[in-house]
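Visitor: My questions all concern the structure below.
The values are calculated or read from the model by the stated rules, or taken from the named source; none is laboratory data. What you see is a predicted model; the values in this text were computed from it and never measured. Glycine gets a Cβ as well: all are built from the backbone with ideal geometry, and neighbour counts include every protein chain shown.
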Amino acid sequence: MIRQVLAGDIGGTNARLAIVTVSGPAEARIVHEARYPSSTAPGLAPLVLRYLAEAGARPDVACFGIACPVIDGDCEAPNLPWKVNVGALGREIGIPRTTIINDFQAVGHGLHSLSDAEVEALQQGVADEHGPVALIGAGTGLGQGYLLWDGTRYVVHPSEGGHADFSPTSALERDLLAFLAQEFGRVSSERILSGAGIAHIYRFLKSAGVAKEQAAVRDEMAGTDPAPVITRHGLAGTDPLSVRTLELFAAAYGSAAGNLALTVLATGGVYIAGGIAPKIIRQLASGAFMDAFRNKGRLSGVVGRIPVRVVLTDDVALYGAAAVAART
């Protein structure tokens, strides 16, 4: 049976909405989609109504993966200016059979849709059949989740581990923690492993005198999001301060991914999703990320055999939301 559903991937920066046809557990196709800036929208319902009018479609089921903890049908997103209640949302958009889930829950439900071309291995490892699978991804925030086998299928579980305390593993990271604590008090991993975190690391390294800021780079960042500028120069090697920023970011990212792998004993593999990883895949593959991932003392051998893969497509959350909607 082919079903047409409404799926959404709602992040702190962008909201992606799509009409998806689902014809089987691993067979889905996006037939129409649009992207809107979510941070300036008055709420999710107005975005959905605008999209449905533009798409000229009226599915009878919908699911939205949102970057927030979803508790009893309520979502208060830390990186969005509005709240979502699933009942009110369904009434406002005229689709009573509406579901909301955490965005990395949506990623987990979409893993089955990934082709070989849509993932890149950082560590081949040896996956245990039906072993736990971990998800982590930096973007506007730091998403996490995990999948556990229940005897017949994988069950996807959300997590807010990105808001756990940042755990430094080097003298430089301890200094970074102290630097950000002066500004924020408590410092979560998301303060560092996110788009804003790239800018925080850059400011810290500049303040610490690790490298001198170039006037041309500073001018490029004026009045815009600094993270893409820093990333571009870091990858190109055209600015020492940006290069050091990406190195420290990659090391902290790898350490956090390794911590999650140990937390859920992810013998089935670790997937690195989110908007940043595909953009810096060369940086992640160059050493600092995997060195930090494996640097787990007496359990280094355990994480050393866990497959680690980067998700290269941002469609995975849409397909995951569509899969959930199709079962509603």
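Visitor: Would you mind finding the one in Ser242, Ser286, Ser255 that is assigned by TED's automatic domain parsing to the domain that holds Thr169, closer than 18 Å to Ile198 by Cβ, among the hydroxyl-bearing types (Ser, Thr, Tyr) and free of Cβ contacts under 8 Å to residues at least 40 places away in the same chain?
Guide: Ser286
Visitor: Let me ask something else. Taking the conditions exactly as written (surrounded by fewer than 17 Cβ atoms within 10 Å (Cβ to Cβ), in contact with a His (Cβ under 8 Å, 6 or more places away or on another chain), in a loop (DSSP other than H, G, I, E, B) and not hydrophobic (A, V, I, L, M, F, W, C)), does Pro42 satisfy them or not?
Guide: For Pro42, the condition - surrounded by fewer than 17 Cβ atoms within 10 Å (Cβ to Cβ), in contact with a His (Cβ under 8 Å, 6 or more places away or on another chain), in a loop (DSSP other than H, G, I, E, B) and not hydrophobic (A, V, I, L, M, F, W, C) - is not met.
Visitor: So, of the residues in the stretch 182-193 that are crowded, with 16+ Cβ neighbours inside 10 Å and of a type in the set (Gly, Ala, Ser), which turns out to be nearest to Gly275 (Cα to Cα)?
Guide: To start, the set of residues in the stretch 182-193 that are crowded, with 16+ Cβ neighbours inside 10 Å comprises 187-193.
Filter once more, keeping what is of a type in the set (Gly, Ala, Ser): 188-189.
Working: Ser188: 19, Ser189: 16 Å.
Ranking the candidates gives Ser189 first.
Visitor: Kindly indicate which of Ile276, Ile306 is more than 28 Å from Gly24 (Cβ to Cβ) and out of contact with any helix residue (DSSP H, G or I) (no Cβ under 6 Å at 6 or more places or on another chain).
Guide: After applying the criteria, what remains is Ile276.
Visitor: Moving on to the next point. For the stretch 194-213, state whether one or more residues are surrounded by fewer than 17 Cβ atoms within 10 Å (Cβ to Cβ) and either among the aromatic types (Phe, Trp, Tyr) or within 19 Å of Asn259 (Cα to Cα) (or both).
Guide: The answer is no, given that none of the residues of the stretch 194-213 is surrounded by fewer than 17 Cβ atoms within 10 Å (Cβ to Cβ) and either among the aromatic types (Phe, Trp, Tyr) or within 19 Å of Asn259 (Cα to Cα) (or both).
Visitor: If you check every pair at least six apart or on different chains, which have Cβ atoms under 7 Å apart with a residue in the stretch 40-66 that is assigned by TED's automatic domain parsing to the domain that holds Gly94 first and a residue that is charged (D, E, K, R) and not in a helix (DSSP H, G or I) second?
Guide: Correct list of pairs: Leu52/Arg58; Asp60/Arg97; Val61/Arg97; Gly65/Asp9.
Visitor: Now for a different question. Could you tell me which residue of the stretch 76-132 is nearest to Ala323 (Cα to Cα), considering only residues that are in the same structural domain as Arg305 (by TED's automatic domain parsing) and more than 20 Å from the chain's Cα centre (by Cα)?
Guide: In this case the residue turns out to be His130.
Visitor: Picking from Asp219, Asp239, Asp225, which residue would you name as being of a type in the set (Asp, Glu) and either under 22 Å from the mean Cα position of the chain (by Cα) or closer than 26 Å to Gln144 by Cβ (or both)?
Guide: Asp225
Visitor: Do we have any residue at all in the stretch 212-229 that's in a helix (DSSP H, G or I) and within 30 Å of Ser113 (Cβ to Cβ)?
Guide: Among the residues of the stretch 212-229, at least one is in a helix (DSSP H, G or I) and within 30 Å of Ser113 (Cβ to Cβ), which makes the answer yes.
Visitor: Looking at (1) more than 22 Å from the chain's Cα centre (by Cα); (2) crowded, with 17+ Cβ neighbours inside 10 Å, which one does Thr152 not meet, given that it meets all the others?
Guide: It fails just one condition, (2).
Visitor: Scanning for something assigned by TED's automatic domain parsing to the domain that holds Leu248, of a type in the set (Gly, Ala, Ser), part of a strand (DSSP E or B) and farther than 22 Å from Asp314 by Cα, does the stretch 154-164 turn up at least one residue?
Guide: First, pick out the residues of the stretch 154-164 that are assigned by TED's automatic domain parsing to the domain that holds Leu248: 154-164.
Cutting the leftovers down to of a type in the set (Gly, Ala, Ser) gives us 159, 161-162, 164.
Going one step further and asking which of them are part of a strand (DSSP E or B), we end up with 159.
In the following step, the residues that additionally are farther than 22 Å from Asp314 by Cα were identified as none.
Checking the stretch 154-164: not a single residue is assigned by TED's automatic domain parsing to the domain that holds Leu248, of a type in the set (Gly, Ala, Ser), part of a strand (DSSP E or B) and farther than 22 Å from Asp314 by Cα.
Visitor: Please specify each residue of the stretch 281-309 satisfying the condition of being in contact with a Phe, Trp or Tyr (Cβ under 8 Å, 6 or more places away or on another chain) and among the β-branched types (Val, Ile, Thr). Before you say what the answer is, go through the steps one by one.
Guide: Residues of the stretch 281-309 that are in contact with a Phe, Trp or Tyr (Cβ under 8 Å, 6 or more places away or on another chain), as a first pass: 283-284, 289, 292, 303, 308-309.
Hits for the stretch 281-309 are Val303, Val308.
Visitor: Where the second residue is assigned to a strand (DSSP E or B) and the first is among the hydroxyl-bearing types (Ser, Thr, Tyr) and lies in the stretch 302-328, which pairs have Cβ atoms under 8 Å and are six or more apart or on separate chains?
Guide: Final answer for the pair search is Tyr319/Ala7; Tyr319/Val20; Tyr319/Ala28; Tyr319/Ile30; Thr328/Val61; Thr328/Cys63; Thr328/Arg97; Thr328/Thr99.
Visitor: Here are some residues: Ile281, Ile306. Which one is of a type outside the set (Gly, Ala, Ser) and within 26 Å of Gly234 (Cβ to Cβ)?
Guide: Result of the check over Ile281, Ile306: Ile281.
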